[in-house]
Every structure is written in structure tokens, then in C-alpha cells.
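Peer 1: One structure, as C-alpha cells, below. Some questions next.
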Number of protein chains: 2
Amino acid sequence: MTARNSTVAVLGCGLIGQSWSALFTAYGYDVVAWDPKPQSLSAILDGIARYREQICVRVELPPAVGSFRFAETPEAAVSGAFWVQENAPEVVSVKTKLYSRIEDASGLDTIIASSTSSLTWSQLSPALSRSARFITAHPFNPPHLMPLVEIFAADAEVRESAVSFYAGLGRKPVVLSRDVVGHIANRLASALWREAVNIVAENIADVAAVDAALVHGPGLRWSVVGAHMAYHLGGGRGGIEHYLRHLGPSQEDRWAALGTPRLTADLCARLVEGVLAVANGRSIAELEADRDSRLLKVLAARQTSSR
Amino acid sequence: MTARNSTVAVLGCGLIGQSWSALFTAYGYDVVAWDPKPQSLSAILDGIARYREQICVRVELPPAVGSFRFAETPEAAVSGAFWVQENAPEVVSVKTKLYSRIEDASGLDTIIASSTSSLTWSQLSPALSRSARFITAHPFNPPHLMPLVEIFAADAEVRESAVSFYAGLGRKPVVLSRDVVGHIANRLASALWREAVNIVAENIADVAAVDAALVHGPGLRWSVVGAHMAYHLGGGRGGIEHYLRHLGPSQEDRWAALGTPRLTADLCARLVEGVLAVANGRSIAELEADRDSRLLKVLAARQTSSR
């Protein structure tokens, strides 16, 4: 971190905002946060402290944890910040109204990053007069543990600043060439889930079997090798070129045979029943704690790898 | 393992057969193998030894490694075996001809398991007179490291035997209710890859960005939590029921917006170019070794988890 401005504004302190705040402060940044519902103050502070502990057990961090304080207004929160991370509800008008309030209060060089998962740069940027300094920077849940941050920036220099900022937080920034709904990761997740739902709908296997097959099969493999690279390794000595030439047509046939399920009431009931059977009485909080503890172990294991 | 018959026949000693042989012998089973191309004997033995080493670094195994020997014919290989793992080429006629040769030579109780990835039980079983004792048991590549084995068995008792046999080898057996092309895992992988290819085709992001987003985002998460469970955790306190009610319709919209790319020559060339850029000069063997070393670390980390 430079001796210059090290203050980040966090707008919206739900789970995503708390997770970002934990990450920013763990890496030595001072956070000034704003949330329209300040009554939840102690819960927010608890969340940030708990998340920061999870970060600190696995990463060697700067000795000094950054400070955290609340501002009364979004204008006050951004006024001294070099970076703004916005985590408002996923509604265009809510976000754009907020941008109108903060743009004049923030410095000319300040970058405003939206954590939006379901909206796009093109939908949000018209609200700003300095849209070149606005980006989408979508984290993957939970952001303080998952390395991925998906970035779309119209301006090349701002894009580079964003890659360098998030990489400096131990993240893996990935850049989109075009801004699309779902960025990359949620499109991939949605595409996989469509077939995961179809397999249940078609009575091929139940929810537990589908999830187990993913976790002990492709999911496990995709935690170390991407989908394109997996087909390179599946192509034998000839790699992806050989694979595409010999098995490309059969993949197109397979694609055509995949399902397009409709989320009917009956199917939804079966999905709910199947998931609750796997949950086996554990609450969402218990399941999340279990997920995070596994994630921390896998992250630690990957960190000892070559990249 | 019981004091009774502990001999497994492995038919076909390509990479899959070698991988199975490493696993069977590591867990104390004696393997009698047959391969139509016996000239590659030393390469096969090297492969098995190397794979077995990878198993042994992470699992506490029975003290005695099983024996491994070659038989001259498939009939001789199966004659003393209680289990047959068939890894012949993915051609119905090749596999069914082999079944005709071995069925009479094998014991009445012997289970014949096909490792087939792209064929189904219904296509293969008519070749056997005792089809109830025939199953598909599809491992995920590389089988000695990846825990998943996808099982389809028409007979309930045989199905139970198969689950217990593969679980005893440290595998995670998953049972299909219906036999379909691609079982579960390759359908999920194919569904995800369709969109991964589409994202490149639509110039949303390049191969490197897509693979990085997967490995540091959903792939990482799916190594610890399945797709259905992930939406349960994404639904807040209301879980999957809340998610389906409030975001089910937007998922259906998202599904409709996903792509159906055609693997044109131009697109294939871009995929090849993108994968080779990520490979960055590394050979398939080097990339495989890298994948396996990462997989071993992640597997070791998951083993210390609660399940």
C-alpha cells in the first residue's frame, strides 16, 4: 500500500459489504462505510470481525489492520476515499440514485466499483457523468474467501487499476471484454444448474446424487483445471485440437440432448425436498459454516501449489 | 476384504485400466489383466506403479499390495475373478464381443462392470445372458485420484454390492435411477462447457478468462458444495424454497439467454489458440502432472474435513 490515500468507501453493509470490509481492513485499508439501516451496527461489526478472522488464518497480511467507521451519509462515506465498493440492492434505480448522490462528493480520480451480480455496466453507467471511472467488480460469494472478482471497465487505464487493486487483495481478477448479464461465472453456474435440475426432472438421479457427482467429479476437477483445459487433457497426446476434431460433433449431439426444464411447482417441491434431505436438519448458518471450513482447507491446499 | 476370492480382472490396460489396476492393487486386490496389445507391457507396469505411488502418499492402505499379472486371453483373465472391470474402446460392438467371450468363462456370481463413459447399460446389456450381473461403473478421469464412480445397475442386490465395492476402494459411488448417455457428471460437464464455448464465441471473454473464472469461482465452490446446495445457501435464511420462489423465474430467463454455439472451424481455431496460450508451452504430460499434484493437495485438504 502506498503512503497516499488508503481509504475505501463501502456502500451497503449486508453480507457482501461486510465481507468486502473484512477483506479491505485485513489488507490494511481504512474503511468508511454507509448503510441505510444503521440499527444493525453491532451485527455488522460482528460479521466483519468473524470474516476477517477467516482471512487471517490462511494469509500472511500487513501487520496493521485498517480502521473501520460508519458515515452518516453516502456523500460523507465517499468524500475521502480513493475507491468506492457499492453493494446496494440489485435494482437499477436504487443503484443509479446512489451514484447521483455520490459522484459529486467523490474525488475526480476515485473509482466507483459496483459488486452487482445481475446487472451490467451498460445499465448502470449512464447515471454517472464520469462513467469511465465506473466499473463492475463482481465478487463470488463469499467474497472474503472466494478469489474470483469479475471486472468490466470501459476505460483501459481504469481496468488496469482495478486488476491491480483486487490482485493486491489476494483476489484473482478476471476481465470481461463485453458486459453481459451474469458476467462469466454466474452464466457457467446457471448453465450447469439447468442440467442439474433437468437430471432431477427427468428422474435420472436425485438431488443428493447430482450434488455428490459434482463435488466428487467435475467440481473437484474444476477447482484445479478449467473446462477448456480439461478437454485439452481429455484429448490425449493431440490435446484440444484432436478432441475438437474427433469428439466435437459428439459434443454438439450431447448439447442437443441436454434438457430445458421448466421450474414447475411440482419440480420445485422435489428440489426443495431433495436439498432438505441433504441438509439433514442442519440450518443455513450451520451449512455455511461447514462450507466455509471446507473452503478454507481447499484454499490453503491450493496456495501451496505452483500458481 | 474377505478371505475369499480377492481377484479382480481388468480388461483393457490403457490409461483407465492402468489407473484401476493401481487402485485395486493398492487396496490389496490381486489383478489379472488382459490387453489386446501386450507389446506395451513395461509402459503399463510403469503407469500402474506411478499411479499407485500417488494413491499411497495420501491414504492409509492395507499393508499388503495386491499382485498384478497378465493373462493371455480375456477368458483366462476373468476365470478366477469375483469382479471384472472392462475398459475396452467406446464402441458397442467391441465391448459386446468381449462380453460374449468372457461370460461363460466367468463365475456365476461374478459382476462385470463397464467403465464406459459414453455408452449406456441398455446398449450393452443385451449381449449378456446374465445381464442382472452386468453394471456400468463410470470413473472420472483420472480414476485413481478422482473419487466419483457413477453406477447404473438393473438389479438392486448387485447395485448394493457395487456401491460397497467401490466405497471400499475409497471412492464415492453415485447411483443413477435411469441409464442415460453421459451419466450425471459428463452431462453437467457438457452443459457447462457449452456455455464456456459460447462465452468465447460471443467475444464476452477469452479462454484464459473463462477457465480462471471457473477455477477461482464456481469450480472452487463446487469442490465443497453441490449446485443444488449452493442455491440453498444463496437463498438467504429461506434457503432453496425462497430462492426458487423469488429467483426461479429469473433463472428461467437466464437459461433462455444462454448460448448454443456451433463448433465451426473458426471457433475451434480460437479455442485451440486460447488453450495453447494458457498451456504456455507446457506439454500434455506436464499439464497432467501439474493437475495431479494440485488434485492430490485438494484431496488431502478435503480428507481432513468432516465428511
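Just so you know, all these numbers are worked out from the coordinates, no wet-lab data involved. As the structure is a computational prediction, the values presented were derived from the model and not from experiment. Ideal geometry is used to build each Cβ from the backbone, glycine not excepted, and the neighbour counts take in all protein chains shown.
Peer 1: What lysines does B:K172 reach when the alpha-carbon gap must be under 24 Å and sequence neighbours fewer than 8 apart in one chain are set aside?
Peer 2: Straight-distance partners of B:K172: A:K297, B:K297.
Peer 1: Given a cut-off of under 8 Å on Cα pairs at least six residues apart, what relative contact order in percent is computed for chain B?
Peer 2: Relative contact order here is 13 percent.
Peer 1: With n ≥ 4 as the cut-off for DSSP H runs, can you work out [θ] at 222 nm for chain A, using -39500 (n - 2.57) per run divided by the number of residues, rounded to the nearest 500?
Peer 2: Computed mean residue ellipticity for chain A: -15500 deg cm²/dmol.
Peer 1: What does the copy distance list look like for B:P36, label position 7 Å along Cα→Cβ, in nm and ordered from shortest?
Peer 2: Counterpart label points of B:P36 in the remaining copies fall at 6.9 nm.
Peer 1: What fraction of the DSSP beta bridges in the range A:7-175 is antiparallel, stated in percent and rounded to the nearest 5?
Peer 2: Restricted to the range A:7-175, the bridges split so that about 20 percent are antiparallel.
Peer 1: Under a 5 Å amide H to amide H cut-off, with H placed in plane at 1.01 Å, what residues pair with A:K172 once short-range neighbours are removed?
Peer 2: Distant-sequence amide H within range of A:K172: A:L148, A:V149.
Peer 1: Springs between alpha-carbon pairs under 10 angstrom, Gaussian network model over chain A: which of A:G17, A:G259, A:G80 fluctuates most?
Peer 2: A:G259
Peer 1: Sequence neighbours fewer than 8 away in the same chain don't count; with that in mind, list the lysines whose C-alpha is under 23 Å from B:K95.
Peer 2: B:K37
Peer 1: Taking springs between alpha-carbon atoms closer than 10 angstrom, which of A:R50, A:R282, A:R159 fluctuates most in the Gaussian network model of chain A?
Peer 2: Most flexible of the set in this elastic network: A:R282.
Peer 1: In whole percent, what relative contact order does the range B:7-175 give with Cα contacts below 8 Å and a gap of six or more residues?
Peer 2: Once normalised by length, the contact order is 21 percent.
Peer 1: Just from the alpha-carbon atoms, what are the Rg and Dmax of the range B:7-175 in angstroms?
Peer 2: Taking only Cα atoms of the range B:7-175, I get Rg and Dmax of 14.5, 42 Å.
Peer 1: Would you work out if the protein assembly as shown is rounded, prolate or oblate? Take a ≥ b ≥ c from the square roots of the eigenvalues of the alpha-carbon gyration tensor; rounded if a/c is under 1.5, else prolate when a/b is larger than b/c, oblate otherwise. All intermediate terms of the calculation are to be shown ahead of the outcome.
Peer 2: Numbers: a/c = 2.08, a/b = 2.04, b/c = 1.02.
Prolate, because a/c is 1.5 or more and a/b exceeds b/c.
Peer 1: Out of B:T260, B:T116, B:T73, any idea which swings most in a Gaussian network model of chain B, alpha carbons joined below 10 Å?
Peer 2: Of the options given, B:T260 has the highest mean-square fluctuation.
Peer 1: How far, in nm to one decimal, is A:T73 from itself in the other copies if the label point is set 7 angstrom along Cα toward Cβ? Shortest first, please.
Peer 2: List, nearest first: 9.3 nm.
Peer 1: How many percent of the alpha carbon pairs in the range A:83-134 exceed a separation of 18 Å?
Peer 2: 17
Peer 1: Once the other residues with Cβ under 12 Å from the Cβ of A:V163 are scored (Lys, Arg +1; Asp, Glu -1), what is the net sum?
Peer 2: Around A:V163, the charge tally is 0.
Peer 1: Is any helix in chain B, taking whole DSSP H runs, at least 20 angstrom long along its axis by alpha carbon and on average at least -0.5 on the Kyte-Doolittle scale, and which ones?
Peer 2: B:41-56, B:185-201, B:265-279, B:284-303
Peer 1: For A:L247, go 7 angstrom from Cα along the Cα-to-Cβ vector, then report the distances to that same point in the other copies in nm, smallest first.
Peer 2: Output for A:L247: 3.2 nm, nearest copy listed first.
Peer 1: Does the range B:204-252 come out rounded, prolate or oblate by the C-alpha gyration tensor, with a ≥ b ≥ c the root eigenvalues, rounded set by a/c under 1.5 and, if not, prolate when a/b is larger than b/c and oblate if not?
Peer 2: It comes out oblate by the Cα gyration axes.
Peer 1: Let me check I've understood the local charge: for B:A137, count other residues with C-beta under 14 angstrom from its C-beta, Lys and Arg +1, Asp and Glu -1. What total comes out?
Peer 2: 0
Peer 1: From the square roots a ≥ b ≥ c of the eigenvalues of the alpha-carbon gyration tensor of chain B, which class results: rounded (a/c under 1.5), prolate (a/b over b/c), or oblate? Could you put the intermediate results ahead of the total?
Peer 2: Values: a/c = 1.70, a/b = 1.56, b/c = 1.09.
Prolate, because a/c is 1.5 or more and a/b exceeds b/c.
Peer 1: Still on this structure, I have one more. Rounded to the nearest 5, what % of DSSP beta bridges with both residues in chain A are antiparallel?
Peer 2: Values: 5 of 28 bridges.
If I count the DSSP bridges inside chain A, around 20 percent turn out antiparallel.
Peer 1: If you restrict to DSSP beta bridges whose two residues both lie in the protein assembly as shown, what percentage is antiparallel, to the nearest 5?
Peer 2: Approximately 20 percent, going by the DSSP bridge assignments.
Peer 1: Name the residues whose placed amide hydrogens come within less than 5 Å of the amide hydrogen of B:V31, ignoring near sequence neighbours (fewer than 5 apart) on the same chain.
Peer 2: B:V8, B:S67, B:F68, B:R69
Peer 1: Take the alpha-carbon centre of the range A:21-55, take the same for the range B:188-254, and report the distance between them in whole Å.
Peer 2: 27
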